[in-house]
Every structure is written in C-alpha cells, then in structure tokens.
Amino acid sequence: MRFALFRRVPADPPHLKVSHDGQAFKVALKRRPTAKRITLRVSNATGEVVLTIPERTDLGIAQRFADSHGGWIATRLAKVPMRVLFEPGALVPLRGVPHRIVHWSNIRGTTQAIRTADGTPILAVSGEQPHVARRVQDFLEAEAKRDFAEAVKRHTAALGVKAKRITVRDTKSRWGSCSASGALSFSWRLVMAPPFVLDYLAAHEVAHLRELNHSHRFWKLTHDLCPRTEEAEAWLKTYGSALHRFG
C-alpha cells in the first residue's frame, strides 16, 4: 500500500473529444495554475476550440463540461469563416488587393505578383503543384518582411531610434511585439491587409522602442508616425481575424 503514494498521475490528453448532433469536435485541453474556473473558447481566427481548466480540476469534470457545451461549440464553429487554402484558383489578398493563385509552370522559378493581359492580379507560382501552398506562403512572408523593413526604417529614422532586428512570424494572439532589447516581431499575415494597416503596426512597435508601454506619450508618438492609427485599429478590429483563414 505504501507504494500507491508514489504512483504517477497520468498526463492530461492534449485534446478531448466532444460529440453533438452527429458531429465530432476536437477540444484542446489547457491546464493553467492561474485559472480560477473552467473556460471554453472558440477562436474566430482559426476555429480552434480550447478548454482551460484550473490546476486541480478532475479530468472527468472537464470532459462533462465540454460535453454539455457541444451545441454551443457547434454554433460558434458555424460562424467561423471558411478557410481558404493556398491552392490554384484561390483568391488571396496582397496589400489589400485580391490575387488569384495561378500554377504558372511546372518548372521551378520565383513566385510573382503580376497582372494578366486583361489586368487581373494574380500570384504566378512555378514548380510542381504539390508545392504551391508552401511557395505562396514563402512569397507572402518574404513580401511582409520587405514591407516591414522599409516601414521600420522610415519610422526609426523619424524617431532617431534603432531596431535590433526584425522578424516575421505566424502569431495568433498579437500582430506585433517589441522586446526590451529592441527586437521587433510582426505577423506576416499583415501583408495581406491594406498597406496603411501594416504601416500602423510598424509605427506602433517602433514607438515602443521609445516608450515600452501604452501611455499617453506612446500613443502620441504612434499617431505622429502614423496619422491613420485609428483607422488601422478599426480595420483590424473588423477584419483582422479573417486574415487567419488563409493558408
């Protein structure tokens, strides 16, 4: 009996399964020491369903809670915009302009944003078709890094500050960040938004190089760098989550 005291507690499964009205849903399980109660959320950006539970909550209680909300999960998921895969024929925005993905050639080459003879904007992708999705994302990431590098250079010059480095990532919870060391990071998905939105994010993070907070002084710097700050904030609030449905 003494050895029972040292029996290992089974690790939580990464996901729970919930069924409702003939549908099966995968629910990510997150155990958080700081959580005070069980919470359930559905990401409008990705459609991911996440159940967060306190440290000592029994797994059976968590499962019953998730099961009791099957209808709610189904309703929320039905409202999440459908994903648009990076595949031939798909429409993908680049700097706010919809571009049709066209598999241009089986011969490997560069991906280009061009216009056809009739003026239609397209993303011309070369190489074997199974690699189209990766090539489109690589292209968008490269374009985003170039746009952010130019915007950051302009804004840092205006403030007389320097950025340590610039990276682009596929972040879910924030569009940009600035570390205490001066490293800036941005979501590459912002290259799909109108240019003034990307410019605002660059200005926002560059302002943090001077004011690592959200004080009145910070917002004044941001507005001075980007007069369309409020317009960009409104655009992100209305349309930002939709950028995550591409790819």
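Overview of values
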| item | result |
| --- | --- |
| Which of 120, 18, 168, positive extreme of dipole for the chain (C-beta unit charges) | 18 |
| Accessible area of residue 134 in the full protein assembly, 1.4 Å probe (Å², nearest 10) | 120 Å² |
| Net charge contributed by nearby residues that have their C-beta within less than 14 Å of residue 84 (K/R +1, D/E -1) | +3 |
| Per-residue HN-Hα couplings for the stretch 93-99 [Karplus 6.51, -1.76, 1.60; θ = phi - 60°; Hz; x = Gly/Pro] | x, 10, 6, x, 10, x, 10 |
| For the chain: relative contact order, % (alpha-carbon pairs under 8 angstrom, 6 or more apart) | 15 percent |
| Table column - 3J(HN,Hα) (Hz), the stretch 45-60, Karplus curve with 6.51, -1.76, 1.60, x for Gly and Pro | 7, 10, x, 6, 9, 10, 10, 9, 10, x, 3, 9, 6, 5, 4, x |
| Amide H partners (placed H, <5 Å) of residue 99, local residues excluded | 92, 94 |
| Amide hydrogen neighbours beyond the local backbone of residue 169, cut-off 5 Å, H modeled | 186, 187, 188 |
| With all protein chains modelled, accessible area of residue 219 [1.4 Å, Å²] | 80 Å² |
| Ordering of 15-24, 166-175, 88-97, 203-212 by packing [mean C-beta count within 10 Å, highest first] | 203-212, 88-97, 166-175, 15-24 |
| Most mobile listed residue (113, 66, 180) in the chain, GNM with C-alpha springs under 10 Å | 180 |
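The values are calculated or read from the model by the stated rules, or taken from the named source; none is laboratory data. As the structure is a prediction and not an experimental result, all values here were calculated from the model. So basically every Cβ, Gly included, is an ideal-geometry build from the backbone, and we count neighbours across all protein chains shown. Protein only, heavy atoms only, side chains kept; ligands, DNA and RNA dropped before computing areas. Shrake-Rupley method; radii C 1.70, N 1.55, O 1.52, S 1.80 Å.
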